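Visitor: Can you read through this structure? Questions will come right after.
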Amino acid sequence: TLALLLGFRTSQGFARFWEGTGLLHQMRGEWFDSVSCCVTFSRSAVAEKPEAVRDFRHTLVRLMSLCHGSALEEIGGEHSHKFDTIDALGLDKFTLRHLRECKEVYHFNRVEVLLHMTQTLITWALDEGILNISPPILSRVYQTLSRGFVNLLNAKKITDTRFPFPYAQLLATLIIMHTMVTPLLLSVLIRSKIWAPLFTFVPVFGMCSLNFISSELEHPFGNDDNDLPLENFQSEMNTCLLMLLHDNSDLLPAPSRRCEMDFRTLKENMRLNETMGHAATGRFVDEVLADPSNFESEIGHFDSLQSKEALRSKEALSEALSITISTRRENFENFENLIEAEVPRRENVVEAEQPLPPLPSRRSESDEPPRSSRWSTQRGRTAAAIPVVAEALEKANIIQEMEASMAPILAKSMDDFNDALQHWTRTLEKQVAELSRNVESMEKACCSTALDPSCGRRHSSSCRTQCYLCKSYMGDHHSFEPKSRQEEPRVLREELRWAGLANHETSTFG
């Protein structure tokens with residue numbers, strides 16, 4: 001039973017401690033986000049109302065610093081320290097007097113009063129045009145303020161709600177009984193004067209220690225050594241708020257002239273950073289930010305590293321190109337040798353097919369060209385043919401590459417054309433079907449009325465007046481349908497004539 005109760009109290013104490021520190025961080029984050037948003041929203045009014053914007057920002061920061069400090073004092077208890085705030089005396093005397101009266105005279109909650117004053121200030125700034133932002137977006141500021149206050153109330157719940165007193169009393173009673181009974185039992189079971197005190201001290205000390213640790217963790221807010229550092233929370237909040245009052249708080253970040261915009265280059269730089277190591281890159285950035293005067297030298301050093309990496313890449317590329325060039329050179333040399341072997345053979349075949357020339361006159365041996373000159377001529381022809389053949393081969397390769405690149409484009413164009421043709425066919429079928437339905441409806445409405453167009457009177461079934469639409473007599477039939485499909489064009493003409501086109505000639509509808 002004692003072990004179970006101690007485990008339960010320890011788990012509850014640790015949960016309260018962890019929840020307390022989480023609530024404080026959430027409260028600070030929500031309230032700082034509210035002030036930061038208000039400072040950002042007031043940036044558009046700096047040019048028109050610089051003094052009003054400055055007063056609004058300083059007042060808002062002082063109110064929030066005082067509100068956060070008052071919240072920590074409230075959850076810290078009666079014996080908590082007074083926390084530093086950002087120039088609370090910088091507020092006007094009417095505000096300070098109202099805060100003092102709310103605390104001493106009316107006994108209002110100071111945090112609630114400060115939050116109400118903050119919301120009133122934000123609303124006034126919106127009405128005056130200092131916060132040039134739409135109300136739906138500004139409502140987020142009120143939401144973050146309310147969430148921060150909810151976190152404060154949850155933290156106060158931990159302070160106000162103690163561990164149940166019956167459990168604490170039962171634990172204390174069981175520990176006292178355990179301290180008294182354990183020595184008696186172990187002295188009977190263990191005869192050694194050394195081991196008996198040792199085995200008695202360890203369990204009793206462990207049970208008492210767990211109980212005291214649990215009682216410390218149950219109250220995470222206070223001035224004890226094991227409590228949460230509330231002063232550090234207030235100091236961090238003040239630092240964050242002072243950052244919003246800096247002269248460069250409205251600074252717009254922009255890329256420098258050295259900024260690299262190419263995606264591939266940035267990707268290569270990332271690879272270079274991975275090669276150098278993340279730790280080395282982080283140290284480089286920290287050194288540059290710590291000493292801006294050496295920015296150019298550091299950038300030059302970094303560029304030199306990049307140039308070395310680029311040089312290695314260029315060397316690898318040049319090596320690959322040299323291998324490719326040497327391979328093509330060997331291919332051309334083989335082709336040249338093939339031409340040199342083929343040209344003399346073809347010349348011999350041509351000479352054999354030609355008739356024998358007449359015997360020339362007797363010439364001296366000095367007039368005949370030497371064999372070396374003939375071979376040099378053939379070699380010159382071969383050398384002149386090589387660039388032409390190489391150019392032809394290059395053009396053939398270019399044509400093949402163009403065909404390979406245009407093949408998917410042509411296939412896609414054909415698919416688009418087929419789709420368009422199918423869509424046009426379906427549209428045409430729909431139009432034809434609609435036209436046929438219109439013709440049928442016109443046929444049914446052909447003699448739907450038994451009025452005589454000439455006199456405008458309704459005739460009986462025995463009337464022999466001829467219908468102007470179907471050219472039949474009223475007394476002959478009662479359905480007034482055309483006698484055949486051949487009369488449909490005439491029916492259409494008469495229908496159009498009765499629709500208001502009676503002045504047109506019949507040939508117009510032919």
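Visitor: Take the alpha-carbon centre of segment 90-142, take the same for segment 34-61, and report the distance between them in whole Å.
Guide: A separation of 15 Å, based on Cα centres.
Visitor: Between the DSSP loop rule and a limit of at most 12 other Cβ atoms within 10 Å, which GluC sites (Glu not before Pro) in segment 70-138 are left? The partial results should precede the final answer.
Guide: Numbers: sites: Glu73, Glu74, Glu78, Glu101, Glu104, Glu112, Glu128; in loops: Glu78.
Sparse-neighbourhood loop GluC sites (Glu not before Pro): Glu78.
Visitor: Can you pull out the trypsin sites (Lys or Arg not before Pro) in segment 70-161 that DSSP calls coil and that have at most 11 other Cβ atoms within 10 Å?
Guide: Those that pass, being in a loop and sparsely packed, are Lys82.
Visitor: Going by the alpha-carbon gyration tensor, a ≥ b ≥ c the square roots of its eigenvalues, is segment 17-156 rounded (a/c under 1.5) or, if a/c is not under 1.5, prolate (a/b greater than b/c) versus oblate?
Guide: It comes out oblate by the Cα gyration axes.
Visitor: Would you kindly derive the ³J(HN,Hα) couplings of segment 151-168 from the backbone phi angles with the Karplus curve 6.51 cos²θ - 1.76 cosθ + 1.60 (θ = phi - 60°), listing them in order in whole Hz, with x for Gly and Pro?
Guide: Listing the rounded values in order: 4, 5, 5, 5, 5, 5, 4, 5, 5, 7, 9, 8, 5, x, 4, x, 5, 5 Hz.
Visitor: Taking a ≥ b ≥ c as the square roots of the Cα gyration tensor eigenvalues, with a/c under 1.5 meaning rounded and otherwise prolate when a/b beats b/c, else oblate, which class fits segment 157-196?
Guide: Prolate, because a/c is 1.5 or more and a/b exceeds b/c.
Visitor: Quote to one decimal, in nm, the extra length available between Arg271 and Leu198 on full extension: 0.36 nm per residue of separation minus the C-alpha distance between them.
Guide: Extending this stretch completely gives an extra 20.1 nm.
Visitor: Can you work out the accessible area per residue across segment 21-71, with the rest of the protein chains kept in place, probe 1.4 Å, in square angstrom? List each step's numbers first, then the result.
Guide: Values: 1890 Å² over 51 residues.
For segment 21-71, the solvent-accessible area averages 37 Å² per residue.
Visitor: I need the phi-derived Karplus couplings for segment 71-87: 6.51 cos²θ - 1.76 cosθ + 1.60, θ = phi - 60°, integer Hz, Gly and Pro marked x.
Guide: 5, 5, 5, 5, 7, x, x, 6, 9, 6, 6, 8, 8, 6, 10, 8, 6
Visitor: Give the calculated FRET efficiency between Asp33 and Gln119 to the nearest 0.05, with a Förster radius of 22 Å applied to their Cβ-Cβ distance.
Guide: 0.90
Visitor: Further, regarding this structure: For His79 and Val188 in one chain, what is 0.36 nm times their gap in residues minus the Cα-Cα distance, to one decimal in nm? Don't jump to the answer; show the numbers that get you there.
Guide: On the way: separation 109, 0.36 × 109 = 39.24 nm, distance 4.89 nm.
Full-extension gain reported as 34.4 nm.
Visitor: Label segment 14-71 by shape, choosing from rounded, prolate and oblate, from the square roots a ≥ b ≥ c of the eigenvalues of the Cα gyration tensor; if a/c is under 1.5 it is rounded, and otherwise prolate applies when a/b is larger than b/c, oblate when it is not.
Guide: Since a/c reaches 1.5 but b/c is at least a/b, the shape of segment 14-71 is classed as oblate.
Visitor: Once neighbouring chains are kept in place and the probe is 1.4 Å, which whole percent of the accessible area of segment 202-277 is contributed by carbon and sulfur?
Guide: Carbon-and-sulfur percentage of accessible area, whole number: 57.
Visitor: Same structure again: For a label point 7 Å from the Cα of Glu112 along Cα→C-beta, name the residues of segment 133-174 whose backbone N is under 18 Å from it.
Guide: Only 145-161 fall inside the zone, counting backbone N under 18 Å.
Visitor: Estimate the FRET efficiency between Glu216 and Ile137 by the formula 1/(1 + (r/R0)^6), using the beta-carbon distance for r and 45 Å for R0, to the nearest 0.05.
Guide: Efficiency, from the Cβ-Cβ distance: 0.50.
Visitor: Within segment 117-162, report the chymotrypsin sites (Phe, Trp or Tyr not before Pro) that DSSP leaves as loop and that have at most 11 other Cβ atoms within 10 Å.
Guide: Numbers: sites: Trp124, Tyr142, Phe149; in loops: none.
Answer by residue number: there is no such site.
Visitor: For a label point 7 Å from the Cα of Thr1 along Cα→C-beta, name the residues of segment 180-211 whose backbone N is under 15 Å from it.
Guide: Within reach of a label on Thr1: 181.
Visitor: Amide H of Phe108: which non-local residues (sequence gap of 5 or more, or other chain) have their own amide H closer than 5 Å, using H built in the peptide plane?
Guide: Residues meeting the criterion, in which the H sits 1.01 Å from N, are Lys103.
Visitor: What spacing in nm lies between the two simple spin-label points modelled at Asp160 and Ile176, each 7 Å away from Cα in the Cβ direction?
Guide: 3.3
Visitor: What are the ³J(HN,Hα) values, in whole Hz, obtained from phi via the Karplus relation 6.51 cos²θ - 1.76 cosθ + 1.60 with θ = phi - 60°, for each residue of segment 50-60 in sequence order, with x given for Gly and Pro?
Guide: So the Karplus estimates, Gly and Pro as x, are x, 6, 5, 5, 5, 5, 4, 5, 5, 5, 5 Hz.
The values are calculated or read from the model by the stated rules, or taken from the named source; none is laboratory data. Here the structure is a predicted model, which is why all the values come from computation and not from measurement. Backbone-built Cβ (ideal geometry, glycine too); neighbour counts: all protein chains shown. Surface areas here come from the heavy atoms of the whole protein model, side chains and all, with no ligands, DNA or RNA. Shrake-Rupley method; radii C 1.70, N 1.55, O 1.52, S 1.80 Å.
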